[in-house]
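What follows is a set of notes on a single structure, which appears directly below.
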Amino acid sequence: MNLFSEMHGTVAAALDALVADGTLPAGLDTAAVTVEPPRDPAHGDMATNAAMVLAKPAGLKPRAIAEALADRLAADPRVATAEVAGPGFINLRLDPSAWHGVLAAALGEGRDFGRSALGQGLKVDVEYVSANPTGPLHVGHTRGAVFGDALARLLDFAGYDVTREYYINDGGAQVDVLARSVYLRYLEAHGQEVAFEDGTYPGDYLVPVGEALKAEVGDAYVGRPEAEWLAPVRAFATDAMMALIRDDLKALGVEMDVFFSEKSLYGTGRIEAALDSLREKGLLYEGVLEPPKGKTPEDWEPREQTLFRSTDYGDDVDRPVMKSDGSWTYFAPDIAYHYDKVERGFDWLIDVFGADHGGYVKRMKAAVAALSQDAVPLDVKLMQLVKLYKGGEPFKMSKRAGTFVTLRDVVDEVGPDVTRFVMLTRKNDAPLDFDFDKVLEQSKDNPVFYVQYAHARVCSLLRKAEAAGLPASDAALRGADLSALGHEAELALARKIAEWPRLVEIAGRSCEPHRVAFYLYDLASELHALWNRGHDEPALRFLQEDDPAGSTARLALARASAVVISAGLGILGVTPAEEMR
RNA sequence: GGUCGCAUAGCUCAGCUGGAUAGAGCGCUGGCCUCCGAAGCCAGAGGUCCCAGGUUCGAAUCCUGGUGCGACCGCCA
């Protein structure tokens, strides 16, 4: 139930009526007509720009349209007043019963309140994390994982059919490096002295993998040439790393639907098939690239390569898909992977990348546009860096110094809920400060705590009500008489609740889950404000000893707030707290 | 040199795909607990929305050109 879209419908109907009675000409484009909450609450509950938008095409003065429209709107039972203001806005003030209806809907629909049909069941694929299977996930991956997962949940809530996907880069040279590193640990497990040279991964996390390999194959690979063990060790090692990564993701509450292996594209003709699709369109050719402008690499020399004509689709230069030695570039399997996504029938593709992959966006979009005949849009969300702090002091990460912070470190330190919420308090394209101490602070300054506390407060209130013998179950509150709710402070909270379905659509349309976090903060803020007013004005307290009907109505208001907080936290992947410890 | 992103209060940041007098938190100033809902509450001050043009009823928001900061820029993924 979305009160804003309902009122939008009311406005549209009123406009039709004005056309019917000849006030407005027929055939007007009303697409730009909006109904939204005004920035200044003094202007009312909702405002429409219809008169201003239609004035020019209708050949009428905004004021004239506004007045006629306002008269029509005032006739709606939910509208208390409709006033023309400013350059031609119509400010609507709603009858309290309209807000009561919203609360009843929230209690009736529960955590599904606010679900939208925006996505119309379109199939969207969200690819995120996709970290190389060469080690544990670090903080940067964590942000991408949280964002991608929240985006997937948001789009699901907004009516899309969402698939969450992880691309395993298990086909390139880096997994050979992994295999050699694991082999060294394997030799170590057999008591040999080993040295980790450049080009190997010295991390301790491979020690148990080396031991596990020993447990599995004994000394079969000791002293054998690389050609004998490289392939099996590589498979063993990537499996071990993916198990590690899945565990890391699980600790954060992230579950993928699909793990897609890059390796599965090799030797199966799938890369060739994808490139053939481009070749048929005349988008592949043999050629030599110009050196990059500005700073030419020292060892630059012109080489002929197989190039993808990505410039036809907005890229700056054409991109190589095959190296001069005849092997694929990393771009080739990526093309094949996205070709596969297109073939699987997705209507919309989203890739979540680190900001350092920004230079890769245009060619990927070009590839998807070419492969899908411009039918499937690809959006790439770039994640900015996470800056770590502890007690206000920057926390420098260094692999060598051993202060490399992993996803597991963060989750162990502050828990998955705090990790997720904090990571979603900033836009994906803005850098994020993460202070290990501040995020655990139990104070109003900490948004995580503030929102959790609001939910816990309502839970506590309901427990108290139940103890006092008041009906506090959802079933009881659902049918409650809400007519006692009329105070401005109470209606302010109801208004905020009414915005939830609208916010879901705005956040969904822009792929910005952080808006949910900010909304929840605002909603919590309204709830706390009402609670605090009860301090000075006992009449506003939720529980009124001598007024069970009024108490029940207020409990319904409180519970509706909690329901929305719970639904919103669900989108962020955060557990709503029932009590604060 | 090019591409992408960012630029809003002293600080950290929101800002509804173009709406009215630009918001929040922190910090600052001033009030508020012998008792009833203080892990606080209320009020106030604080702005060249980076600059210059443009689009229109209307721009922090869209376009163009600058400035500053960051990321990236041929066979590493």
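Against the criterion of solvent-accessible heavy-atom surface with a 1.4 angstrom probe, A:Asp45, A:Asp176 sort, most first, into A:Asp176, A:Asp45.
Heavy-atom accessible area, probed at 1.4 angstrom with all protein chains present, ranks A:Trp328, A:Trp500 as A:Trp328, A:Trp500, highest first.
Entry note, chain A: relative contact order of 16 percent, from Cα contacts under 8 Å with a spacing of 6+ residues. For A:Ala231 and A:Arg303, the FRET efficiency from 1/(1 + (r/R0)^6), where r spans their Cβ atoms and R0 equals 45 Å, is about 0.95. Relative to the longest principal axis of the Cα atoms of chain A, helix A:173-189 runs at roughly 70 degrees. Only helical runs count toward this figure. For chain A, summing -39,500 (n - 2.57) over DSSP H runs of n ≥ 4 and dividing by all residues gives -15500 deg cm²/dmol at 222 nm.
The largest accessible area among A:Thr23, A:Thr134 belongs to the first residue in A:Thr23, A:Thr134, and the rest follow in falling order (1.4 Å probe, all chains). Basic side chains Lys and Arg get +1 at the Cβ, acidic Asp and Glu get -1 at the Cβ, and with that the dipole of segment A:443-572 about its Cα centre reaches some 360 debye.
A Cβ-based charge dipole, computed about the Cα centre of segment A:223-326 with Lys and Arg at +1 and Asp and Glu at -1, lands at about 180 debye.
The long axis of helix A:96-109 is offset from the longest Cα principal axis of chain A by roughly 40 degrees. In segment A:146-226, a dipole from Cβ-located charges (positive for Lys and Arg, negative for Asp and Glu) runs towards its positive end, and of A:Pro225, A:Leu178, A:Phe196 it is A:Leu178 whose Cα lies farthest in that direction.
Restricting the trypsin sites (Lys or Arg not before Pro) of segment A:328-401 to loop positions (DSSP other than H, G, I, E, B) with no more than 15 neighbouring Cβ atoms within 10 Å leaves A:Arg344, A:Lys396, A:Lys399, A:Arg400. Once you have a ≥ b ≥ c as the square roots of the Cα gyration tensor eigenvalues for segment A:361-512, tell me rounded if a/c is under 1.5, and otherwise prolate or oblate according to whether a/b is larger than b/c. The shape class here is oblate.
Say the dipole of segment A:33-90 comes from +1 at the beta carbon of Lys and Arg and -1 at that of Asp and Glu; which of A:Ala55, A:Val33, A:Thr81 then lies farthest toward its positive end? Of the candidates, A:Ala55 comes out farthest on the positive side. Legend: residue pairs A:Lys56/A:Lys381; A:Lys341/A:Lys496; A:Lys362/A:Lys387; A:Lys281/A:Lys427; A:Lys56/A:Lys362; A:Lys123/A:Lys250, Cα-Cα distance threshold 30 Å; pairs beyond threshold, A:Lys56/A:Lys381; A:Lys341/A:Lys496; A:Lys281/A:Lys427; A:Lys56/A:Lys362. Near A:Gly550: Cβ cut-off under 11 Å, other residues only, Lys/Arg at +1 and Asp/Glu at -1. The net charge is -3. Partners of A:Lys438 within straight-line reach, counting aspartates and glutamates whose Cα lies under 15 Å from its Cα and excluding those fewer than 8 residues away in the same chain: A:Glu393, A:Glu413, A:Asp417. According to the calculation over all Cα-Cα pairs in segment A:76-156, the P(r) per 10 Å bin from zero is 14, 22, 22, 22, 13, 6, 1 %.
Helix A:226-252 axis versus longest C-alpha principal axis of chain A: approximately 20°, rounded to the nearest ten. Normalising the average separation of contacting C-alpha pairs (under 8 angstrom, six or more residues apart) by the number of residues puts the relative contact order of segment A:173-252 at 36 percent. In the assembled protein chains, A:Arg457 presents an accessible area of approximately 40 Å² (probe radius 1.4 Å).
For the peptides A:345-352, A:307-314, the ranking by packing is A:345-352, A:307-314, with the highest mean count of neighbouring Cβ atoms within 10 Å listed first. Using only alpha-carbon positions in segment A:3-94, the gyration tensor eigenvalues give semi-axes of 19, 14, 12 Å once each is multiplied by 5 and square-rooted (largest first).
Only the Cβ atoms of Lys and Arg (+1) and of Asp and Glu (-1) were treated as charged; on that basis the dipole of chain A about its Cα centre amounts to roughly 800 debye. With the convex hull drawn around the C-alpha atoms of chain A, the volume per residue stands at 214 Å³. Among the protein heavy atoms, those of A:Tyr201 account for about 60 Å² of accessible surface (1.4 Å probe, every chain in place).
Farthest towards the positive end of the charge dipole of chain A, among the residues A:Ala17, A:Ala240, A:Leu107, is the Cα of A:Ala17, using unit charges on the Cβ of Lys, Arg, Asp and Glu.
Other residues whose C-beta falls under 14 angstrom from the C-beta of A:Tyr266 contribute a net charge of -3, scoring Lys and Arg +1 and Asp and Glu -1.
The values are calculated or read from the model by the stated rules, or taken from the named source; none is laboratory data. Keep in mind that what you see is a predicted model, and the values were worked out from it rather than measured. Note that each Cβ is placed from the backbone with ideal geometry, even for glycine, and that neighbours are counted across all protein chains shown. These area figures cover heavy atoms from the full protein model, side chains too; ligands, DNA and RNA do not enter into them. Shrake-Rupley method; radii C 1.70, N 1.55, O 1.52, S 1.80 Å.
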